[in-house]
1. For region A:2-46, how many residues meet the condition of being in contact with an Asp or Glu (Cβ under 6 Å, 6 or more places away or on another chain) and at pLDDT below 95?
2. Can you name the residue in region A:162-180 that is in contact with a strand residue (DSSP E or B) (Cβ under 9 Å, 6 or more places away or on another chain) and under 15 Å from A:VAL222 (Cα atoms) and, of all such residues, is farthest from the other protein chains (Cβ to nearest Cβ)?
3. Output the residues belonging to region A:18-37 that are surrounded by fewer than 22 Cβ atoms within 10 Å (Cβ to Cβ) and farther than 30 Å from A:HIS215 by Cβ.
4. Tell me which of these A:GLY202 doesn't satisfy, since it passes every other one: (1) at pLDDT below 95; (2) over 16 Å from A:GLN238 (Cβ atoms); (3) touching an Asp or Glu at 6+ places or on another chain (Cβ under 7 Å).
5. Looking only at residues in region B:99-111 that are modelled with pLDDT under 90 and in contact with a Gly (Cβ under 9 Å, 6 or more places away or on another chain), which one is nearest to the other protein chains (Cβ to nearest Cβ)?
6. Scan region A:195-209 and give yes if some residue there is in contact with a helix residue (DSSP H, G or I) (Cβ under 8 Å, 6 or more places away or on another chain) and either among the small types (Gly, Ala, Ser) or assigned by TED's automatic domain parsing to the domain that holds A:ALA263 (or both), otherwise no.
7. Just wondering, is there one or more residues in region A:142-149 that are modelled with pLDDT under 95, crowded, with 16+ Cβ neighbours inside 10 Å and among the β-branched types (Val, Ile, Thr)?
8. Among the residues of region B:114-134, is there at least one that is over 22 Å from B:GLU64 (Cα atoms) and either out of contact with any Pro (no Cβ under 7 Å at 6 or more places or on another chain) or within 13 Å of chain A (Cβ to nearest Cβ) (or both)?
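The values are calculated or read from the model by the stated rules, or taken from the named source; none is laboratory data. A quick note: this is a predicted structure, and the numbers were derived from the prediction, not measured. Cβ placement follows ideal geometry from the backbone for every residue including glycine, while neighbour counts extend to all protein chains displayed.
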Amino acid sequence: MTNAMDREAVPEAQNPLAIDGLEFIELATSKPRALGSVLEMMGFQPVARHRSREVELYRQGSMNIVVNANPADVPRTVEPIERPVISAFALRVRDANLAYQRALELGAWEIPVRAAPMELNIPAIHGVGESLIYFVDRYDEFSIYDIDFRAIPTVNPHPPAIAGLHFFGIVQYIGPDRTDDWVAFYSQIFGFTPLPDNVRFGIMPKGLLLQSPCHKFYLQLVDPGDPAGDLLWDERLQRMGLGTPDILAAVAALEKRGVEFIASESVHSNERGAMTKPYLGSVMFELVHSDHAPQPAPKARA
Amino acid sequence: MTFDDFGMDTASLAGSLEAKLAAVRQAGFSQVMISAADIVGHPHGTAAGVRAVRDSALRVTGLEALRDFEGLTGDLHHYKLDIAKAMLTLCHQIGGRLLLVEASTSTHADTDPDLVAADLRKLAVIAIPFGIRIAFKGLSWSRTVNAFGAALEVVDRANCPNLGLGIDSFDVLASGASLDDLGIFAPEQIFLVQLSDFMWNQDRSPEEQLATAIHFRVFPGEGVHSNSLANLVTRLDKLGYYRDYSFAVYNDDYRQLPPEFVANRARSAAVWLAETVLRRGLPVPNMDRLRRSGHA
């Protein structure tokens, strides 16, 4: 961890890939409709479909979620499975190709290009487990969705956010004793900074927080704790965190839509955060108090 | 340290990969260091080699060896990166959590310590998603790093949590380094210790050291440095070293004898070290469990 801090002292390395926030989070599933209804319950709306693949775009406020039900032609090991998994996240960067090349120079693994004719080549590297990290530089005037996606007619392409919900971060489960490794990975390649242990958001007590170099989102590393315990899990992206300036208002609005929240002695909704029940066996949303102004909705989108 | 902390190396044995793994298991070992050539040289292909290791019920100590990686520039560097990624993929496929990297002997290698450290840091970062640790080993005939003190310096400079040291007793003994120097290590920096003995005592040229290292190593207790080896292992134990010992015995005689014969000699070496030198026959509680969970 000291190495991460040392590197932070070098100004040009603070944001080596010129990251500017999260563009989308991708979920893979073989049951896209079931996942779609969970997302709609959470306030997301389907706004566009991919031109050539079984991929849909859901949106709420500034948040984009890509649901990937595309079968075997995707050259990677995550086949869509019944239990949805977070299969990728996309980073907004100044120049996707430069960021990709720089990431490779810093020790990332490349993913083979998979664009079909007339489609954008979105460069990607390996993330945790079977997941990918994409680099997207079209998020201002144009967006990636303008080219690869077809808007669903008659729906509002920019559905508003419930209670100011916005992407807050992603929780990553890691193996025992792997915190230092992953801190090195995210600080060396991306310029994330580990936050001191007394900085806490939300209601979940465990895990190390990494702040993005653009200060717009967080990754949280959660290890199973007691290394001699039997609680071992695969390393993976486990859940997304949604920020809102008013947790209780968000919880009330979501409950009205049918979302159920965990209400146990140790985990229950309060003004700092809330946690939904797991849906479809694996999909959870953590709400975290965050005054972060939601990023402005882009102009010319699908 | 117990018997289970010691393992064999497939490069010590003759025969098919399956025969080697069976011999290692039959001699009572629970772990084995895998030489990459044994996987890719499998007559039914790499996938069959991977399956043989996976089916062996032996824990993989690590995969060996990535060579001549650091200090290169331009096309050579990018070529070696591809090689490194292929080795890491293979290591991951066989369930290995450690890749042994030997310090470069290439005449193309730049010896600038900053460049060497940056290359090793990059390699370590590349290995992180797979959960693989990089054990970097100096070689007495290397151009970049030829002693364990120098290896430690480079590893410190690179400063990545999954980058540590491989220590080979051969290099320690052949270079005549003082065992007192082991005191410079923190135990968590040492990722692997390889043990072997050899049959001569005098100082030799680097060329002869290299020839001996490749052709004439014997198991601990079989050579003329038993006392030094016992001393080395005892010191590492006192230092708090808690990871694996692997018998890095490369010997032309052993490679033309039945693997069971050789594995039984390895067994005698492990028994001698565990029960006589370290005088510990019983497993330390919870150690196996910690290992399995990847903690140790």
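1. Summing the residues that are in contact with an Asp or Glu (Cβ under 6 Å, 6 or more places away or on another chain) and at pLDDT below 95 in region A:2-46 gives 2.
2. A:GLY169
3. Once the filter is applied, which keeps residues that are surrounded by fewer than 22 Cβ atoms within 10 Å (Cβ to Cβ) and farther than 30 Å from A:HIS215 by Cβ, region A:18-37 yields A:SER30, A:LYS31, A:PRO32, A:ARG33, A:ALA34, A:GLY36, A:SER37.
4. The one condition A:GLY202 does not meet is (2).
5. B:ASP110
6. Yes, region A:195-209 contains at least one residue that is in contact with a helix residue (DSSP H, G or I) (Cβ under 8 Å, 6 or more places away or on another chain) and either among the small types (Gly, Ala, Ser) or assigned by TED's automatic domain parsing to the domain that holds A:ALA263 (or both).
7. yes
8. Within region B:114-134 (the criterion being over 22 Å from B:GLU64 (Cα atoms) and either out of contact with any Pro (no Cβ under 7 Å at 6 or more places or on another chain) or within 13 Å of chain A (Cβ to nearest Cβ) (or both)), the answer is yes, since at least one residue qualifies.
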